[in-house]
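Inspection log for the structure reproduced underneath, given as structure tokens.
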Amino acid sequence: MTQSLTLTRPDDMHLHLRDGAMLSAVAPESARDFARALIMPNLVPPVATLAQAQAYRDRILAALPHGARFEPLMTLYLTETTDPADVARAAASGVVKAVKLYPAGATTNSHGGVRDLDKIMPVLEKMAEIGLPLCTHGEVTTPEVDIFDREAVFIDTVLDPLRRRLPELRVVMEHITTQEGADYAAQGGNLAATITTHHLILNRNHLLVGGIKPHYYCLPVAKREKHRLALRRAATSGNRAYFLGTDSAPHVDALKEHACGCAGCFTATNTMPLLAHVFEEDGALEKLEAFTSQNGAAFYGLPQNAAKITLVKSDHPTVFAPKIQSAAGPVTVFDPGFAVYWQVQA
Ligand code: NCD
Ligand code: ZN
């Protein structure tokens, strides 16, 4: 029996496309299923100014297959020297849709991130004034704080105080991984949270039991099962505060399967079939469209996409390519570890 589901074409509100050879390899993977994506700025050097964002956007457009309809929504990497006037120009240009806060040292290419929140207050005040969202990588980097606690501690010691100080600031808690994150974001309004595909599937046992699985290592790291279940309830709730940001973060296999492996799961290729599986499993297929195609656009004040996407479920497991090839080396496609019967109709 074949079952099919047609949705408004989805948006990926947190995506790493990289640059150069990797960009060429991964951009078509997102453009195949997604209409738009919020592009993370953690290149080396980071995308920190309007001019850099415009140039990066041009490189992304040049990397798309001929005829692709895919709109990159750009972000700026917040540093302690970011100029509020440049941020205001970036927002007014329409090219830049958000500013990304990386606490220094929190994740891949974050050494240029923020150490002292006081230094960025003028930028945040400007953003609050003009309604430009702040996307947060919500983990503290204090060495004393256990890596599994870093998100909850960030909420209590950084995010909540910041929102009390600047209540008008629009904030997206990126890639939440905990019950605390889901609970805090539930209040909605000018607060929202993205949830990744892989955090709806993985808990920390998947990462660590029976041998370490480098392709399941990402940041924030997967947590206990109770947290995964909280994320599932949030994503499938239909609450407008939650929407998809895949955080698809490609690294070549040589750097994942390594003594000091890079963080990131590459999910751009098969996210929509995996999400259909997850939402169906939770009896919430009718909420999938809100999560992937409506809530994010609404938060960012964007029109919903006019185009559609159709997912089809068949009796035979879908075969996903295990890797994609880039000129920099192979990249492993996220393997959920179970059979999936959904696929995107070509
Ligand atoms: C991301 C990357 O590789 O750029 N890695 C990851 O594990 N998610 C950075 C990030 O979003 O933290
Ligand atoms: Zn990310």
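Within the range 14-42, residues that are more than 18 Å from P330 (Cβ to Cβ) and assigned to a helix (DSSP H, G or I) reach partners that are more than 14 Å from ligand 2 (Cβ to nearest atom) and open to solvent by less than 10 Å² (accessible area, probe 1.4 Å) with beta carbons closer than 6 Å, at six or more positions or on different chains, in the pairs D33/M272. Screening F266 against (1) surrounded by 14 or more Cβ atoms within 10 Å (Cβ to Cβ); (2) in a loop (DSSP other than H, G, I, E, B); (3) out of contact with any Pro (no Cβ under 7 Å at 6 or more places or on another chain) leaves a single unmet condition, (3).
If a residue must be among the polar types (S, T, N, Q) and closer than 14 Å to A48 by Cα, how many such residues does the range 65-109 contain? It would help to see each step written out before you state the result.
The initial filter retains those residues of the range 65-109 that are among the polar types (S, T, N, Q), namely 75, 79, 81-82, 93, 107-109.
If we keep only those that are closer than 14 Å to A48 by Cα too, we end up with 75, 79, 81-82, 109.
Here the count works out to 5.
Output the residue which, of all residues in the range 1-21 that are open to solvent by less than 20 Å² (accessible area, probe 1.4 Å) and out of contact with any Phe, Trp or Tyr (no Cβ under 7 Å at 6 or more places or on another chain), is farthest from P45 (Cα to Cα).
Quick first cut of the range 1-21, residues open to solvent by less than 20 Å² (accessible area, probe 1.4 Å) only: 7-8, 10-17.
Restricting the remaining residues to those that are out of contact with any Phe, Trp or Tyr (no Cβ under 7 Å at 6 or more places or on another chain) gives 7-8, 14-17.
Numbers: L7: 37, T8: 35, H14: 19, L15: 17, H16: 14, L17: 14 Å.
Going through the qualifying residues, I end up with L7.
Annotation note: of A241, A234, A259, the sole residue that is away from ligand 1 (no atom under 15 Å from the Cβ), buried (at least 20 other Cβ atoms within 10 Å of the Cβ) and over 15 Å from the mean Cα position of the chain (by Cα) is A234. Note on the range 19-75: among residues that are touching a strand residue (DSSP E or B) at 6+ places or on another chain (Cβ under 8 Å) and of a type in the set (D, E), the one that is farthest from N109 (Cα to Cα) is D33. In the list M272, M173, which residue meets the criterion of being modelled with pLDDT of 95 or more and within 13 Å of ligand 2 (Cβ to nearest atom)? Going through M272, M173 in turn, the sole match is M173.
Within the range 49-58, can one find any residue that is of a type in the set (A, V, I, L, M), at pLDDT 95 or above, farther than 22 Å from A328 by Cβ and surrounded by 14 or more Cβ atoms within 10 Å (Cβ to Cβ)? I'd like the intermediate steps shown before the answer.
Our first condition is that a residue be of a type in the set (A, V, I, L, M); within the range 49-58, this holds for 50-51, 53, 55.
Filter once more, so that each one left must be at pLDDT 95 or above: 50-51, 53, 55.
Remaining after also requiring farther than 22 Å from A328 by Cβ: 50-51, 53.
Of the ones still in play, those that are also surrounded by 14 or more Cβ atoms within 10 Å (Cβ to Cβ) are 50, 53.
Yes, some residue in the range 49-58 is of a type in the set (A, V, I, L, M), at pLDDT 95 or above, farther than 22 Å from A328 by Cβ and surrounded by 14 or more Cβ atoms within 10 Å (Cβ to Cβ).
Filtered by the rule that a residue be more than 16 Å from ligand 2 (Cβ to nearest atom), not hydrophobic (A, V, I, L, M, F, W, C) and not in a loop (DSSP other than H, G, I, E, B), the range 233-262 gives R233, Y242, D253. L166 fulfils the conditions (1) aliphatic (A, V, I, L, M); (2) more than 21 Å from N42 (Cα to Cα); (3) crowded, with 19+ Cβ neighbours inside 10 Å except for a single criterion, (3).
Residue check: is A276 over 20 Å from the mean Cα position of the chain (by Cα), of a type in the set (A, V, I, L, M) and open to solvent by less than 60 Å² (accessible area, probe 1.4 Å)? The answer is no for A276.
Filtering A104, A68 for residues that are modelled with pLDDT under 95 and not hydroxyl-bearing (S, T, Y) leaves a single hit, A104.
Selection of the range 90-124 for residues being in contact with a Pro (Cβ under 6 Å, 6 or more places away or on another chain), within 16 Å of ligand 1 (Cβ to nearest atom), touching a residue at least 40 places away in the same chain (Cβ under 8 Å) and not charged (D, E, K, R) yields A98, G112. Residues that are open to solvent by less than 10 Å² (accessible area, probe 1.4 Å) and part of a helix (DSSP H, G or I) within the range 178-206 comprise G181, A182, A185, H198, H199, L200, listed in sequence order.
Scanning the range 219-231 for residues that are open to solvent by less than 20 Å² (accessible area, probe 1.4 Å) and under 15 Å from the mean Cα position of the chain (by Cα) turns up P220, V221, A222, L231.
Filter the range 279-301 down to residues that are among the small types (G, A, S) and surrounded by 19 or more Cβ atoms within 10 Å (Cβ to Cβ) and give me whichever is nearest to ligand 1 (Cβ to nearest atom). Quick ask: steps written out before the conclusion?
Going residue by residue through the range 279-301, those that are among the small types (G, A, S) are 283-284, 290, 293, 296-298, 301.
Applying the additional criterion that residues be surrounded by 19 or more Cβ atoms within 10 Å (Cβ to Cβ) yields 290, 293, 296-297.
Details: A290: 23, S293: 22, G296: 16, A297: 21 Å.
Among those that are among the small types (G, A, S) and surrounded by 19 or more Cβ atoms within 10 Å (Cβ to Cβ), it is G296.
The values are calculated or read from the model by the stated rules, or taken from the named source; none is laboratory data. Only a predicted model underlies this, so the values are computations on that prediction, with no experimental measurement involved. When we count neighbours, we look across all protein chains shown, and the Cβ atoms used for this are built from the backbone with ideal geometry, even at glycine. Keep in mind that these areas ignore ligands, DNA and RNA; they rest on the heavy atoms of the full protein, side chains included. Shrake-Rupley method; radii C 1.70, N 1.55, O 1.52, S 1.80 Å.
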